[in-house]
Number of protein chains: 2
Amino acid sequence: MKNSVTIRDVAKHAGVGVGTVSRVLNNNPSVSDLTRQKVLSVIDSLNFSPSQAARRLSRGKTMAVGVVVPFFTNPSVVKRLQGVISVIATSQYDLVLFDVENAEDRDGLLKNIIQREIVDGLLIISLKPSENDVTEIVEANVPTVIVDAEHPGFSRVIVDNVAGARQATEHLIQLGHHQIAYLNDDPTNPFNNAPTHDRYQGYLQALEGAGIPVRAGYYRQGTLDRESARHLTRELLQLPDPPTALFVYSDTQAIGVLEAARDLGLNVPEDFSVIGYDDIEAAKLLHLTTIRQSLYESGVIGGQLLLEQMLEPSLEPDEVVLETELIVRGTTAPLSS
Amino acid sequence: MKNSVTIRDVAKHAGVGVGTVSRVLNNNPSVSDLTRQKVLSVIDSLNFSPSQAARRLSRGKTMAVGVVVPFFTNPSVVKRLQGVISVIATSQYDLVLFDVENAEDRDGLLKNIIQREIVDGLLIISLKPSENDVTEIVEANVPTVIVDAEHPGFSRVIVDNVAGARQATEHLIQLGHHQIAYLNDDPTNPFNNAPTHDRYQGYLQALEGAGIPVRAGYYRQGTLDRESARHLTRELLQLPDPPTALFVYSDTQAIGVLEAARDLGLNVPEDFSVIGYDDIEAAKLLHLTTIRQSLYESGVIGGQLLLEQMLEPSLEPDEVVLETELIVRGTTAPLSS
DNA sequence: ATGCTCAATGGAACCGGTTCCATAATGGGC
DNA sequence: GCCCATTATGGAACCGGTTCCATTGAGCAT
């Protein structure tokens, strides 16, 4: 493990001082070409590589970026992370991955990351930091960017979830549906509640715009997993006056919805239309009509914003809003009866 | 970014030496209870947290584990990584993620990781290290474990791909199929060719065991993406004497196969049976008959093996072979004509 | 009382880079 | 020739922990 060649060895072999070797290593112009070549030649022949640990200590930089994601419970996160990876891989930073699955984990983890000073910047994905976290992050001066969540103190990449949800619901309305239910995420979950709130608002706005009264019985909320959605959909479809169409908070839940329809012998979309949200990989496979948000691109932009922030810490927080897109596939159709 | 409280501050406030503070921080027993309590109290009131950079330098340990994965091109990797994360998250190590997409990237990346000494251990997933890499890793004494690839110098978690592939092919044979084609990965790809070779062997063994002659025209190989598989399957299905069943190297390719069948108006499984390999998430969604390998568990075991290796570097390389399991869903059926 | 052993402690040296200040050399202007 | 400014360089101090050796004190055995 121990690298036996140090900067002092290089200096001795090259007949220069350690300061000169350091200057060469860091492309400092105050080295003559002759001296620079001599040092580089010794570095090569000794196969010297500077110790990152020593560099971290003396420079006060870790050259690593922390990425905090709910890796297990939010499938859209994989695509976002791919975008992040593609950006960070071209930078000089390493990517340290932190998984967080619930609000309790989140509170301890972010504080721990900050305290240990193991990253130069932080990218938080699909997770809303607590006010306590925000205070610590700001005090610690750690450049931070949020993707798919919001806080005014940080740069962020989001989509207009109100517009996206309105789009989804309007699509169903345009197909002639008036009995449109909405299956939501849990809006009281402190983990990340802005998209939850916004998508519901969009749904309500579309109904209102079309003069369709809101029916309390057509609203359900659950967790992001398929089973919960399957169960809740069965409830909806077994109402005396069931909905003919369902807008679902996420594609993952929409898969459970499709399963529920099959459970009850309903044909989708002939008997029952379903529209999801996200356009994750599985949506394509299942020909799910959905609202696409550019998951990969959100990661790319998030990564870029963070690198910029780390380069220019005085930058004001920026907000990039990505558009959503209606993707019509095979789970929505005009009202048939 | 700069943590203003150092070990010297704590020592001064507690009226002890820095060695004593360090002993308290590291649970060294050579500290009296009275002194220990005094130091801990000061640590608490000053909100002191030791600098990781300084610790790394003085201890010669980074407290980080590197995980090298082809994150974009191999969907089974996500599930394996989840297993790894679940283990590393319970350890004292941070997870540094490295993405590698082809053999060229691999060669530079592994060397770079080793040279920079930024991880205490390495977990390589679905990627076969080059002999050059192996030499450097061994010389550098970096504990390393491989998942879903093989090298005798390292501990590894693999599945018996010969048996798995034989199982898949035997399933088709038991359904009455004799015209069974095989769609492989590229066996000349140095990235990770053992599974490619082994699954083909398993396919051949099953044919041989059933006395079915091998037909050269029933073999195709391509890349791991759906489009390649779609194209190659169309070739197979348009032969004068097309296969009635297809064993596919991976579920991802199998999705492309299903698309090709649909392209040609074939019903799966009535007209054409398809069996994949991996049991990734999408297999469940598409009711794909497949060979399940415990992707998550392979990550868990890989992580555990690595932690053990780091604790006991003299441990001999170990090999954990996971079993495969036939998962019959809706894409295979008895020969109908 | 003396000597030995062990526990507890302080702090200098060290880890391996970076940085900054002192110094020397060179070139240009007067 | 002298002075000033600039460039290039060496190396001590520093980053903030850990470790190891020297020292002290206490307890026990002779």
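What to note about this one:
- Residue match in segment B:78-93 (condition: part of a helix (DSSP H, G or I), crowded, with 22+ Cβ neighbours inside 10 Å, more than 10 Å from DNA strand D (Cβ to nearest atom) and basic (Lys, Arg)): yes
- When the residues of segment A:13-27 are filtered to those that are more than 8 Å from DNA strand D (Cβ to nearest atom) and exposed (fewer than 14 other Cβ atoms within 10 Å of the Cβ), the one that is farthest from the other protein chains (Cβ to nearest Cβ) is A:27.
- In the set (1) over 21 Å from the mean Cα position of the chain (by Cα); (2) over 28 Å from residue A:329 (Cα atoms), residue A:191 fails one condition alone, (1).
- Matching residues, segment B:209-228, being more than 19 Å from residue B:102 (Cα to Cα), in a helix (DSSP H, G or I) and within 30 Å of the chain's Cα centre (by Cα): B:218
- If the condition is being surrounded by fewer than 22 Cβ atoms within 10 Å (Cβ to Cβ), at pLDDT 95 or above and touching a Leu at 6+ places or on another chain (Cβ under 9 Å), then segment A:302-332 contributes A:320, A:327, A:329, A:330.
- Residue count for segment A:298-333, restricted to those that are in contact with a Ser or Thr (Cβ under 6 Å, 6 or more places away or on another chain) and of a type in the set (Ser, Thr, Tyr): 2.
- Residue within segment B:185-197 that is in contact (Cβ under 8 Å) with a residue 24 or more places away in the chain, away from chain A (no Cβ under 14 Å), under 16 Å from residue B:326 (Cβ atoms) and aliphatic (A, V, I, L, M) present: no
- Within segment A:15-38, the set of residues being farther than 27 Å from residue B:58 by Cβ and either in contact with a strand residue (DSSP E or B) (Cβ under 6 Å, 6 or more places away or on another chain) or in contact (Cβ under 8 Å) with a residue 24 or more places away in the chain (or both) comprises A:38 only.
- Failed criterion for residue A:73 (all others in (1) away from DNA strand C (no atom under 16 Å from the Cβ); (2) at pLDDT 90 or above; (3) of a type in the set (Val, Ile, Thr) hold): (2)
- Here the condition is being in contact with a Phe, Trp or Tyr (Cβ under 6 Å, 6 or more places away or on another chain) and within 12 Å of DNA strand C (Cβ to nearest atom); of B:18, B:39, B:10, it holds for B:10 alone.
- Boolean, residue A:128 is in a loop (DSSP other than H, G, I, E, B) and among the basic types (Lys, Arg): yes
- Residue list for segment A:151-170, restricted to those being surrounded by fewer than 17 Cβ atoms within 10 Å (Cβ to Cβ) and within 15 Å of the chain's Cα centre (by Cα): A:160
- Within segment A:39-60, the set of residues being farther than 16 Å from residue B:116 by Cα, surrounded by 14 or more Cβ atoms within 10 Å (Cβ to Cβ) and more than 8 Å from every other protein chain (Cβ to nearest Cβ) comprises A:39, A:40, A:42.
- Of all the residues in segment B:131-173, those that are in a helix (DSSP H, G or I) and either more than 14 Å from every other protein chain (Cβ to nearest Cβ) or touching a residue at least 24 places away in the same chain (Cβ under 8 Å) (or both) number 19.
- Scanning segment B:50-75 for residues that are farther than 20 Å from residue A:96 by Cα, without any contact (Cβ under 8 Å) to a residue 60 or more places away in the chain and of a type outside the set (D, E, K, R) yields one hit, B:58.
- Matching residues in segment B:280-304 - criterion: being within 14 Å of chain A (Cβ to nearest Cβ) and not β-branched (Val, Ile, Thr): B:281, B:282, B:283, B:284, B:285, B:286, B:287, B:288, B:295, B:296, B:299, B:303
- Residue check for residue B:52: closer than 20 Å to residue B:307 by Cβ, within 16 Å of DNA strand C (Cβ to nearest atom) and not basic (Lys, Arg): yes
- Meets criteria (over 38 Å from the mean Cα position of the chain (by Cα), away from DNA strand D (no atom under 16 Å from the Cβ) and not assigned by TED's automatic domain parsing to the domain that holds residue A:119) for residue A:44: yes
- Of all residues making up segment B:44-76, the number that are part of a helix (DSSP H, G or I) and in contact with a helix residue (DSSP H, G or I) (Cβ under 6 Å, 6 or more places away or on another chain): 6
- In segment A:89-121, the residues that are of a type in the set (A, V, I, L, M, F, W, C), farther than 21 Å from residue B:91 by Cβ and facing chain B (nearest Cβ under 9 Å): A:89
- Condition met for residue B:64 (within 9 Å of chain A (Cβ to nearest Cβ), within 16 Å of residue A:119 (Cα to Cα) and surrounded by 17 or more Cβ atoms within 10 Å (Cβ to Cβ)): yes
- The set of residues in segment A:1-30 being within 44 Å of the chain's Cα centre (by Cα) and outside any helix (DSSP H, G or I) consists of A:1, A:2, A:3, A:4, A:5, A:6, A:26, A:27, A:28, A:29, A:30.
The values are calculated or read from the model by the stated rules, or taken from the named source; none is laboratory data. Remember, predicted model here, so these are calculated numbers, not experimental data. Because the Cβ atoms are built from the backbone with ideal geometry, glycine has one as well, and the counts that use them run over all protein chains shown.
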